[in-house]
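Contents: one structure, followed by commentary.
All of the numbers you see were taken from the coordinates with simple rules; none came from a lab. Owing to the predicted nature of the structure, the values given are computational and were not obtained by experimental measurement. Neighbour counts are summed over all protein chains in view; Cβ atoms, including those assigned to glycine, are modelled from backbone coordinates with ideal geometry.
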Amino acid sequence: MSRTVTRDRFPRETRIGDYIVERELRSEGTGLVYLAKHVVLPRLAAVKVMHGEQGYLKEMAVHMLREACLVDALSHPGIPRVYECGVLPDRRPWTAFEYVEGEGLDRSIGETPLPVADVVVMMRDVADILDHIHQRGIVHRNISSSSIVRTPQRRFAVTLVQWGEAHTLDTSESDVDPKDDVHELGRIAFRALTGSAATTGGLSTERYPGAPGDVATLIDQMMAVGHARPTSAEVRERAKWLADTLELVPIDPGRWTPQHIAPESIPDIEEVGAGFSIRISGRTRTRG
């Protein structure tokens, strides 16, 4: 017998829409994420529910719905799908995302450096996802080792999660820049290769003697100031060239499977009354 939703943290077997909670996965800025099973379909989902400690907050609710619309407008095997959205009796929104099973990169990087091949191929694949969203006018703004998940069982070897801070380039916030995502990816690559946090001194041969010069140069350029950074498309192509030219082979090749996604039109996301619209190639889909 499923329970009804009455508080912020939901116990096992609580029903949220057509999903039954199995356990809590993590807490994000706007809500708690649960592993939940559909009542009919044989699938699991990551169901995100808006925080409820302070009751219903319209601004936070709009933020959560915007996140769902942004992700729903994207189509890349390295981005989780949106199954559906709903609203609880207390008006808090929830979103059922595709459950991504895998290990966060934060579980792998630390004081022990990763192999050069693994890092270069990771850069290539994450940059491919970033190029996909940047072409569509979206900036992730929360690139971290915990938001990059290794997913060898999926079509794409990595999946980018935690989209709560994503923004469109037409936002009123003037500091939104796609190259900020590139900068953070560079910092992650630096730490993965050296086992320490990025510094202003760059990835010198003294810090990591085993890194080929072209790899160190690319990472240094990704962490450069402002417009000197390469675009995500440039990072992807250069990392691909490095992996191919230097014959870098990951320790587990099956974990890193490259994919190419053809460009699509840039979605225009705008608030419409109490809901949102996603306009793609002249078509408008409304989310209430």
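Would you mind calculating the relative contact order of region 9-159 from Cα pairs under 8 angstrom and at least 6 residues apart, reporting the percent as a whole number?
About 18 percent, as a whole number.
Please list 73-80, 122-129 highest first by mean number of surrounding beta-carbon atoms within 10 Å per residue.
122-129, 73-80
At 37 °C and 0.692 mPa s, grab the translational diffusion coefficient of region 77-158 from Stokes-Einstein with a Kirkwood Rh over Cα pairs, rounded to a whole number in µm² per second.
Using the Kirkwood radius from Cα pairs, D works out to 224 µm²/s.
Would you order HIS63, HIS227 from fewest to most other beta-carbon atoms within 10 Å of each residue's own beta-carbon?
HIS227, HIS63
Output the relative contact order of region 15-98, whole-number percent, from Cα pairs under 8 angstrom with separation of 6+ residues.
For region 15-98, the relative contact order is 25 percent.
Percentage of Cα-Cα pair distances in region 15-98 greater than 17 Å, rounded to whole percent?
44
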